[in-house]
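Student: Here it is: the structure, laid out below.
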Amino acid sequence: MLRLGLTGGIGAGKSTVSATLAQLGGVLVDADVIAREVVKPGTTGLELLVEAFGNEILDDDGALDRPALAATAFGDDGSRAKLNSILHPLIGSRTAELIENAPSDAVVIQDIPLLVENKMGSYFQLVAVVYADAEERISRLVGQRKMSEEDARARIAAQASDDERRAAADIWI
């Protein structure tokens, strides 16, 4: 099994690259998809988030209101650390399960937005970084994801710098 760690800043285009690699036969393990899975209504993940951040992070149907959580969790380092301490173990467990079930000769593409921040490069035979400059990423986040420019800039600022990502990269896309 070959494990490729795929990363890049929010809005850089990781999903496009990972989808292309999956179409070519790679087994995609997408941390963002898993992150949504572990906080669906009725999961322990959602219960823990509500315990930590309050009912105001839920929408009218009892599902996670991601913008409300982001407004709370990305406001300061302590809140972001609390969010990560809840989500990362759940995501890690589900990721391990998916990798275990991949064929032994598979190329496993792990799409991990915070690979560099969490110093995970040593877990992979190759690390590929998808790059787009910050202004392009802000434009994508505001236009496609309907984030406010302030929120987009805050999320970018909370992630690794381009220089940190370049230092971790075996492949720069």
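Student: Tell me the net charge near D77. Cut-off is 14 Å between Cβ atoms, D77 excluded, with +1 for each Lys or Arg and -1 for each Asp or Glu.
Tutor: Around D77, the charge tally is +1.
Student: Rounded to the nearest 5, what % of the DSSP beta bridges within the chain are antiparallel ones?
Tutor: 5 percent
Student: Using unit Cβ charges (K, R positive; D, E negative) and no other charged atoms, how large, in debye to the nearest 20, is the dipole of the chain about its Cα centre? Don't skip to the end; give the middle numbers.
Tutor: Working: 17 positive and 27 negative charges, 70 e Å.
Rounded to the nearest 20 debye, it is 340 debye.
Student: Sort all Cα-Cα distances of the chain into consecutive 5 angstrom bins from zero, then give the percent of pairs in each bin up to the one containing the longest distance.
Tutor: Once binned at 5 Å, the Cα pair distances of the chain give 1, 8, 16, 19, 20, 18, 11, 5, 1, 0.
Student: Could you do me a favour and compute the accessible area per residue for the chain, 1.4 Å probe, result in Å²?
Tutor: It amounts to 54 Å² per residue over the chain.
The values are calculated or read from the model by the stated rules, or taken from the named source; none is laboratory data. The model shown is predicted, which means the values in this text are computed figures rather than measured ones. With ideal geometry, Cβ positions are generated from the backbone for all residues, glycine too; neighbour counts draw on all protein chains shown. In case anyone asks, the SASA skips ligands and DNA or RNA and just uses the protein heavy atoms, side chains included. Shrake-Rupley method; radii C 1.70, N 1.55, O 1.52, S 1.80 Å.
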